[in-house]
1. Could you check region 152-206 and list, in sequence order, the residues that are in contact with a Cys (Cβ under 7 Å, 6 or more places away or on another chain) and among the basic types (Lys, Arg)?
2. Just to verify a result, which residue in region 208-222, among those that are at pLDDT 75 or above and in a loop (DSSP other than H, G, I, E, B), is surrounded by the most Cβ atoms within 10 Å (Cβ to Cβ)?
3. Kindly list the number of the only condition in (1) at negative phi; (2) open to solvent by less than 10 Å² (accessible area, probe 1.4 Å); (3) not in a strand (DSSP E or B) that fails for Gly176.
4. For region 93-108, does any single residue satisfy the condition of being assigned to a loop (DSSP other than H, G, I, E, B), more than 18 Å from Ser216 (Cβ to Cβ) and modelled with pLDDT of 85 or more?
5. Please pick out the residue among Val195, Val169 that is in contact with a Gly (Cβ under 9 Å, 6 or more places away or on another chain), aliphatic (A, V, I, L, M), outside any loop (DSSP other than H, G, I, E, B) and over 14 Å from Val260 (Cβ atoms).
6. Here are the criteria: (1) modelled with pLDDT of 85 or more; (2) open to solvent by 50 Å² or more (accessible area, probe 1.4 Å). Tell me which single one Val35 does not satisfy.
7. Quick one: how many residues across region 223-259 are of a type outside the set (Phe, Trp, Tyr), modelled with pLDDT of 70 or more and under 24 Å from the mean Cα position of the chain (by Cα)?
8. Within region 106-121, which residues are in contact (Cβ under 8 Å) with a residue 60 or more places away in the chain and over 11 Å from the mean Cα position of the chain (by Cα)?
Amino acid sequence: LLPYSEGSTQQRYVMAFGAGYAGGTSTGLGNFVYVLDFEPSTETTSDNIASSTGYRSPVTTGGNVIKKITIAPDSASDIPNGVTANMSVVTADTALTADFWGGIAYFPDLTGQLWKLDMSKTGLGETNSSMWTLTKAFRSEGTLANDRFGYNQMATTLVNSSAPIGTHVFNYFGTGDQAHVQRRDATIKNRIYGVKDLDFPDTDLATTGSSKTITSSGIFKISGADASSSWCSSVDVPGWYADVLDVSSLDTGADDFIKVVGRALAASDDVYFSLYRPDDLACPIGGKSQVVKMIKSCAGGYSVIATGAGLSTAPVMDSKGNIYVGVGNLATDGELDIEASESEERSGVDNILKIGSSDISAS
């Protein structure tokens, strides 16, 4: 619900989404975020978009483009940029400490950058020019070689802190090329992240965007021999990351081909990520998966949950706190026959796995 009307108390339902994946081209087809009006309107707003003019009059059937926002690529990345992830929108209704109208959207782009888009006003009487501030919150330093694509929606959640006292927004996400999930290369080096919005509930990124925390060198590394000794018990943690190879027990040998698949799940104090390693075959069809659970976000270490052969889905939680993953492309001894009478002749049997439960009352 956006404070859409200029200088008035009217709010309108809108949708915000990325332009998608440009199919590996470099033509700038996917590197936009659109904000659309859901409701019929007869008013004229200067933010409407149309072909070459950048403006068109609203129509009474709704569906007006309120804003088209260009997402600049990481200048150090050779990944063709786009926005495939859903927005994670925090509103004042969900963040009780916030004092604004509208919402704040967090999302990654394909080059691995994390963005904060202000779609809010501190008062309904403000003009629309006070909105649409886009700020870069983080760079995962993605390249075609290291595979750190930002394909998936982040798990965005509120975290209570005692040092300093307050409620903060954390964005949890993992990297990996989902369009070429079977790619294997010795240069692949995917990571999982927990990145804090140091400015929340402020709608800009005055602190985060101007500090060294915009790259991994400014947050804690919590895995491997060179991990931060303080881990996540330090005061005012800006964020953390872990190399996937360090927290996975998949059989990787000397190389790290592992990708993070799908959106992370924040459940109670823990965060779950699905990992996948493709087969070492000329024509890979299987592979192995597991889920890594970052205990108490990261301060409690981690554990791994094997999900077996196949490509796992992102973890999900039902209303009772049970956590599930699905596993696809399971190995089969012969031709795939989903109508076979015997389970051993079929692929995809028993491929929904319960991996645990969470105390949802504490989440």
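1. Correct list: empty.
2. Selected residue: Ile222.
3. Every condition holds for Gly176 apart from (1).
4. The answer is no, given that none of the residues of region 93-108 is assigned to a loop (DSSP other than H, G, I, E, B), more than 18 Å from Ser216 (Cβ to Cβ) and modelled with pLDDT of 85 or more.
5. Result of the check over Val195, Val169: Val195.
6. (2)
7. Residues meeting the conditions: 19.
8. Passing the criteria: Lys116, Leu117, Asp118, Met119, Ser120, Lys121.
The values are calculated or read from the model by the stated rules, or taken from the named source; none is laboratory data. Note that the structure is a prediction, hence the values are computed from the model and not measured. Reconstructed Cβ throughout: ideal geometry from the backbone, glycine too, with neighbour counts over all protein chains shown. What goes into the accessible areas is simple: the full protein's heavy atoms, side chains included, and nothing from ligands, DNA or RNA. Shrake-Rupley method; radii C 1.70, N 1.55, O 1.52, S 1.80 Å.
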